[in-house]
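Remarks on the structure that follows.
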Amino acid sequence: TVLDASGFIGQEFSLTDSAALALSDTTIGTLRRGVYMLVRLASGRTNGNCLRGRAVFWSDRTKYEVTDAVGAGTRGNVAGILLCNLESTDTYAIIQRQGIATVKYQGTVTSAAADLAVLTVSATNELDTSADATSVTNIINKATIGRAIDAAANGALKLVDLSILHGA
C-alpha cells in the first residue's frame, strides 16, 4: 500500500524524548527529542548517499524538496539529517532539523576530541569535526550543523545536538 503524504509535506513536529523513543524502530536506531519534518525527495538523487545519519539539502524550499547533492554552495543550505536509509522508490522522507540526532561521520575524522560537527564537501554527505585549534572561517561556519555530544569516531554513527543547524 502506498500512502499519499502530500498534504503533510513541510509539516514540522516536535517530539519529547519519551515520544521519540515510543516511535523508534530500535532495530534501525533510537530517535531523540527534536524537531522533525516530512519532505519531498528530489529526483536524480544518489541512493547510496541517502543513508541514515547523512545530511540532505534544500533543492526547493517552496516545495519542501531536498537533495543529496552537496557542494561548496550547498553546505549552508542543510535541510536536516536522514533518519533511515532510503530506497530508490521513496518519494518522501522524514528528516530531523533540530535536537539530538544521530549523524554519520566520515571515514577519517579530523579530531575525536573536537566538539563542532561540520559537513564535508564530499559525495557522501557525512560529517567531520573541526579541531579546536582551527580558526573558524566563513566556510566552517556555514558547514557547522551542531555540537558533538558523543566523541566523533571514524565512520561511526554518533549523537550531535542540531540546535545550531543553519536554515532551521
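Considering Gly107, Gly53, Gly80, which residue is touching a strand residue (DSSP E or B) at 6+ places or on another chain (Cβ under 7 Å) and not in a strand (DSSP E or B)? Before the answer, list the steps.
Numbers: Gly107 fails: touching a strand residue (DSSP E or B) at 6+ places or on another chain (Cβ under 7 Å); Gly80 fails: not in a strand (DSSP E or B).
Result of the check over Gly107, Gly53, Gly80: Gly53.
Identify all residues within the range 1-11 that are modelled with pLDDT of 85 or more and either among the aliphatic types (A, V, I, L, M) or within 15 Å of the chain's Cα centre (by Cα) (or both); write none if there are none.
Ile9
Return the total of residues in the range 31-53 being of a type in the set (D, E, K, R), under 13 Å from the mean Cα position of the chain (by Cα) and under 9 Å from Asp68 (Cα atoms).
Taking the range 31-53 first, the residues of a type in the set (D, E, K, R) are 32-33, 40, 45, 52.
From what's left, under 13 Å from the mean Cα position of the chain (by Cα): 52.
Okay, now just the ones that are also under 9 Å from Asp68 (Cα atoms), so none.
Number of matching residues: 0.
Output the residue which, of all residues in the range 34-50 that are assigned to a strand (DSSP E or B) and open to solvent by less than 20 Å² (accessible area, probe 1.4 Å), is farthest from Ile94 (Cα to Cα).
From the range 34-50, those assigned to a strand (DSSP E or B) are 34-41; that's our starting set.
After this cut, where a residue has to be open to solvent by less than 20 Å² (accessible area, probe 1.4 Å) as well, the list is 34, 36-37, 39, 41.
Working: Gly34: 12, Tyr36: 7, Met37: 5, Val39: 6, Leu41: 10 Å.
That would be Gly34.
Among the candidates Leu21, Leu31, which residue alone is modelled with pLDDT of 90 or more and not in a loop (DSSP other than H, G, I, E, B)? Quick ask: steps written out before the conclusion?
Values: Leu31 fails: not in a loop (DSSP other than H, G, I, E, B).
Of the residues listed, the single one that is modelled with pLDDT of 90 or more and not in a loop (DSSP other than H, G, I, E, B) is Leu21.
I'd like to check something: does the range 143-162 contain any residue that is modelled with pLDDT under 80, within 13 Å of Ala55 (Cβ to Cβ) and surrounded by fewer than 21 Cβ atoms within 10 Å (Cβ to Cβ)?
no
The values are calculated or read from the model by the stated rules, or taken from the named source; none is laboratory data. Computed from a predicted structure; not experimentally measured. Neighbour counts run over all protein chains shown; Cβ positions are idealised from the backbone, glycine included. Side chains included, ligands, DNA and RNA excluded: accessible areas come from the protein's heavy atoms. Shrake-Rupley method; radii C 1.70, N 1.55, O 1.52, S 1.80 Å.
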